[in-house]
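The values are calculated or read from the model by the stated rules, or taken from the named source; none is laboratory data. Predicted model, so just to flag it, every value in this text is computed and none were measured. When we count neighbours, we look across all protein chains shown, and the Cβ atoms used for this are built from the backbone with ideal geometry, even at glycine. In case anyone asks, the SASA skips ligands and DNA or RNA and just uses the protein heavy atoms, side chains included. Shrake-Rupley method; radii C 1.70, N 1.55, O 1.52, S 1.80 Å.
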Amino acid sequence: MTRRRRMTTTNEIADKIAGEHSLTKAQGKAIVEAVIASITQAAIAGNETSLPGFGKFKVKATPEREARNPAAGATIKVAAARKLAFTPAKALKDALNK
């Protein structure tokens, strides 16, 4: 029997923070949005964000490459880009594998 996976939303995280710290739901949501905005701004600037016990968000460059269009079979060029990679901390890995 497989377990059905459920997604956690930012509103659920905000509600949990609000409940645990005697804040309103709006204040909890503002905190969550501020954290996400801070990580986003650091990534745009090319900086790494480290959250001890959780992990690191790091910007990585992907070089230009050739790929194949599966529908037409034609070779196309994929432009160079930056991507955001997440590396979990050891504490998070250990918690996942208990």
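Each label point is 7 Å from the Cα along the Cα-to-Cβ direction; what then is the distance between the points at LYS98 and LYS16, in nm?
1.4 nm
Assuming 0.36 nm per residue, please report the length gained on full extension of the stretch LEU84 to PHE54 beyond their Cα-Cα distance.
Fully extending the segment from LEU84 to PHE54 adds 9.2 nm.
If I take all pairs of Cα atoms in the range 1-76, what percentage of them are more than 22 Å from each other?
Values: 1555 of 2850 pairs.
Roughly 55 percent, once rounded to a whole number.
Each residue of the range 9-15 in order: what ³J(HN,Hα) in whole Hz does its phi give by Karplus 6.51 cos²θ - 1.76 cosθ + 1.60, θ = phi - 60°, with x for Gly and Pro?
9, 5, 5, 5, 5, 4, 4
Tell me the mean residue ellipticity at 222 nm calculated for the chain from its helices only (DSSP H runs of n ≥ 4, each -39500 (n - 2.57), averaged over every residue, nearest 500).
About -12000 deg cm²/dmol.
Among GLY53, PRO63, ALA26, flag the residue with its Cα farthest along the positive direction of the charge dipole of the chain, charges on Cβ as +1 for Lys/Arg and -1 for Asp/Glu.
Checked the options; the winner is PRO63.
Compute the helix-to-body angle for 25-44: its Cα long axis versus the longest principal axis of the chain, expressed 0 to 90° and rounded to tens.
30 degrees
Using alpha-carbon pairs under 8 Å, 6+ residues apart, how would you state the relative contact order of the range 26-77 in percent?
Once normalised by length, the contact order is 19 percent.
List the relative contact order of the range 11-98 as a percent without decimals, with contacts defined as Cα pairs under 8 Å and 6+ residues apart. Mind showing how you got there, number by number?
On the way: 108 pairs, mean separation 18.4, N = 88.
The normalised contact order for the range 11-98 reaches 21 percent.
Determine the per residue accessible area of the chain with all protein chains present and a 1.4 angstrom probe, expressed in square angstrom.
84 Å²
In µm²/s, what is D for the range 37-98 at 20 °C and 1.002 mPa s, where D = kT/(6 pi eta Rh) by Stokes-Einstein and Rh is the Kirkwood radius from Cα pairs?
D, rounded to a whole number, is 153 µm²/s.
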